[in-house]
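Since the structure comes first, as structure tokens, the remarks are kept for the end.
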Amino acid sequence: MSSHTHNTIQVKKMNVELVKNALKAQGIATKASIAGLTKLSVATCGTILNELLAIGEIIELEPDGANGGRPAKQYRYNANFGCVICLLVRTEGGIHSVSYSIVNLLGETISETALELPRIDTDFIDRLIEGLINDNENVQAIGIGIPGVVHRGVIGVCDVPALAGQPVGPYLEDKYGIPITIENDMNMTVYGFYHLQNFEEDKTFAVVTFPKNHFPGAGFIVDGRILSGNTTFGGEVSFLPFGIAREEQLRQLHTEEGFIRLAVMTLTSIIAIINPVTIAITGELPRESQLKDLQEGCLKDIPQEHMPQLIMQNNTHREYMTGLVTATLESLTYRLQLTEKR
């Protein structure tokens with residue numbers, strides 16, 4: 001394929017995304033209003049709209065004749081043209097669970113279910129996905145959130161032992177032939193927190209979690225982008241140099257004095273390195289009554305003017321699912337790599 005042909009295809013795909021995004025944002029739109037939003041020509045928008053109409057991805061409504069003259073055709077994005085499946089894998093207090101949502105292409109939840117399980121492995125996830133694909137029409141992508149390190153779809157260190165070292169992403173992508181997004185739970189939680197804030201400009205934001213019986217972890221948004229690191233190891237704050245063995249770290253986190261000390265060291269490190277506007281403290285171990293001690297502990301080293309807002313939120317299911325749904329829907333969009341936001 002020539003570079004000219006390749007560039008032409010890229011431009012066409014990007015223009016299609018512009019039209020779809022404009023239609024999603026407006027709800028109901030005409031060819032002219034979409035052209036105004038996208039800065040594309042009316043003719044280009046008309047061609048793209050006709051193509052999307054032919055495959056059923058958009059719906060043509062009754063013409064708008066409110067202003068007199070020849071009524072303009074109106075279009076609406078068809079949210080039910082397809083759906084995505086999002087699975088949250090969690091382990092808390094020794095209990096493994098999977099929550100899954102079926103979500104339409106506008107991010108609206110169609111159904112949601114939670115299961116508690118004695119064991120979660122690749123075979124279970126595969127069978128669950130196979131059943132959900134059979135039960136739902138036109139599944140276009142799958143997203144899976146994992147309490148562990150994920151690199152190119154391969155799970156590394158993980159709180160669910162049977163998933164550690166498993167190439168879950170490549171296996172599922174090869175079997176089902178649709179985009180598979182597998183992401184660290186903290187990255188998806190911070191992504192969800194960030195999107196729910198509706199910031200008007202790019203910010204730096206952090207989430208740190210202190211789960212019971214597991215090591216802490218963190219997720220970072222820096223200037224509006226997820227910070228994952230070279231091998232997606234970013235956020236593994238349990239590997240900070242606390243000067244004690246990891247087993248001792250876990251023991252101390254479950255004591256009042258030890259938790260405050262280690263949490264303050266963790267928060268101070270995050271503040272000094274990425275300078276976030278807010279840090280959300282989550283997990284089963286933190287308590288609202290500890291917020292003042294954590295704030296004062298950080299201020300012993302961090303100047304007041306650089307101290308972020310600290311918020312405490314133990315239950316982050318909504319944020320976790322919001323982040324995963326957003327990332328999974330984004331996997332369906334075409335964009336040049338250098339404009340990628342996640």
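The values are calculated or read from the model by the stated rules, or taken from the named source; none is laboratory data. What you see is a predicted model; the values in this text were computed from it and never measured. Cβ: placed from backbone, ideal geometry, glycine included. Neighbour counts: every protein chain shown. In case anyone asks, the SASA skips ligands and DNA or RNA and just uses the protein heavy atoms, side chains included. Shrake-Rupley method; radii C 1.70, N 1.55, O 1.52, S 1.80 Å.
Structure notes:
- Mean separation of Cα contacts under 8 Å, 6 or more apart, over the residue count of the stretch 145-243: relative contact order %: 21
- Extension gain (nm, one decimal) between residue 244 and residue 12, 0.36 nm per residue minus Cα-Cα: 77.9 nm
- Cα-based shape type of the stretch 146-218, given that a ≥ b ≥ c are square roots of the gyration tensor eigenvalues and the cut on a/c is 1.5: oblate
- Globularity ratio of the stretch 75-177, using Cα Rg and 2.2 N^0.38 Å: 1.11
- Loop trypsin sites (Lys or Arg not before Pro), the stretch 68-150, which have at most 15 other Cβ atoms in a 10 Å radius of their Cβ (DSSP): 119
- Alpha carbon centroid spacing (whole Å) that separates the stretch 198-230 from the stretch 146-164: 18
- Computed on the Cα atoms alone, the convex hull of the chain gives a volume of 174 cubic angstrom per residue.
- Taking trypsin sites (Lys or Arg not before Pro) across the stretch 180-287, the ones in a DSSP loop with at most 13 further Cβ atoms lying within 10 angstrom of their Cβ are 212, 287.
- GluC sites (Glu not before Pro) within the stretch 99-130, DSSP loop, no more than 14 other Cβ atoms inside 10 Å: 108
- Rounded tilt (10° steps) of 256-274 against the dominant C-alpha axis of the chain: 50
- In order along the stretch 160-173, phi translates into HN-Hα couplings of 9, x, 5, 9, 4, x, 8, x, 4, x, x, 5, 5, 5 Hz, rounded to whole numbers, per the Karplus curve 6.51 cos²θ - 1.76 cosθ + 1.60 with θ = phi - 60° and x for Gly and Pro.
- Between residue 254 and residue 55, the modelled labels are 5.2 nm apart [label points 7 Å from Cα along Cα→Cβ].
- Prolate/oblate/rounded label for the stretch 196-259 (Cα gyration tensor, a/c 1.5): prolate
- Three principal axis extents of the stretch 217-342 based on alpha-carbon atoms, in descending order, are 49, 33, 27 Å.
- Among residues other than residue 45 with Cβ under 12 Å from its Cβ, the summed charge is +3 (Lys and Arg +1, Asp and Glu -1).
- Shown are 123, 159, whose ranking by accessible area with a 1.4 Å probe and every protein chain present, most to least, is 123, 159.
- Its relative contact order, with pairs defined as Cα atoms under 8 Å and 6+ residues apart, puts the chain at 15 percent.
- Less than 5 angstrom separates the built amide H of residue 58 from those of 53, 78, all sequence-distant by 5 or more or on a different chain.
- A 1.4 Å probe over all protein chains sorts 100, 171 by accessible area into 171, 100, starting with the largest.
- Residues of the stretch 156-178 with amide N under 17 Å of the 7 Å Cα→Cβ point at residue 331: 156, 166-178
- To the nearest ten degrees, helix 185-197 and the longest principal axis of the Cα atoms of the chain are 60 degrees apart.
- Calculated accessible area for the chain comes out at 50 Å² per residue, all protein chains present (probe 1.4 Å; ligands, DNA, RNA ignored).
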